[in-house]
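The next block holds one structure in the form of structure tokens; read it before the comments.
The values are calculated or read from the model by the stated rules, or taken from the named source; none is laboratory data. In this text, all values refer to a predicted model and were calculated from it rather than measured experimentally. Side chains included, ligands, DNA and RNA excluded: accessible areas come from the protein's heavy atoms. Shrake-Rupley method; radii C 1.70, N 1.55, O 1.52, S 1.80 Å.
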Amino acid sequence: MDSDKNQTTAPAAPVTTDLRTVALTARTTANAARATWSAHARVCRIGQTLLCVECELLGTAFSSAAAAACTAYKAYAPIGSTVTYHGTKTRYHGPGWTVRGIAHCSCGTAYTIVRNTGRARDDVLSGVHIEWITPSRDDVRRTDRRSHADALADGTLIDVPQALRTDIGFPPVAFTAAAWADTVMWTDEDTARTGIPQNEDDRLLDVLAAARPLAHDVRHDRPTAFSLFRYSRDVVDFSDLEVMKSHLQLNLDYDDGLAFTISLPGEV
């Protein structure tokens, strides 16, 4: 009855919290999966026009591993976060770089980083290994920050339907409630009252078209302002055309990835 007293409990495996180690491990797994897939594909393709079932399975395994590696890289240095570069191109060493993209490429998972030079063109480095950057941990990451998803759920932000933004090639974007009411919202009652035929889809596309050229240049710490003409819901006649200056702002959300927010000046 007392045999349990003599049993020992194996120590629990340590929990890895080093995001860099997690990312490196995920990269190794993805590269190994790719190597296995490539090796088999070279053999089974000889004299064949179609891939075998095993090739397809190995390809799927590699795709999953590559996606996991990109997710791990995003956790270590998210898109929009600032990093210090200390890679092979020594003349670019130093802080002030912003992560623009993460992808799995021929050299494994890698970053694309940019740095504002104050000149006509920014510095851009692609294929940057994780070993070559150090994230700025004093970035805007805060534990009390509400996520982009939370704001969408409670109505603080209004999401732009994918079908509409895809038409003009715009990344995921949301409006603050105030910006939406000021530039997009329009009802049949507004048309009847003002005599101005408008609809929300067209108004929304007007705002996105004005913001789209700025999407590649906006920084997480530097909202980019733009303006456009639109009819206010308070107009009385056609002579009441007003201009509104709105901000296009990259909303840094480490859980939700890259997201843009359009707000009124000073609102976000």
Which ³J(HN,Hα) values, rounded to whole Hz and listed in residue order, are derived for region 68-76 from phi using the Karplus coefficients 6.51, -1.76 and 1.60 in 6.51 cos²θ - 1.76 cosθ + 1.60 with θ = phi - 60°, glycine and proline given as x? 5, 5, 4, 5, 5, 5, 5, 5, 6
Accessible area of region 150-190 belonging to carbon and sulfur atoms, whole % at 1.4 Å probe: 55 percent
I need the P(r) histogram for region 154-195: all alpha carbon pairs, bin width 10 Å from 0 out to the longest distance, whole percents. 26, 41, 29, 4
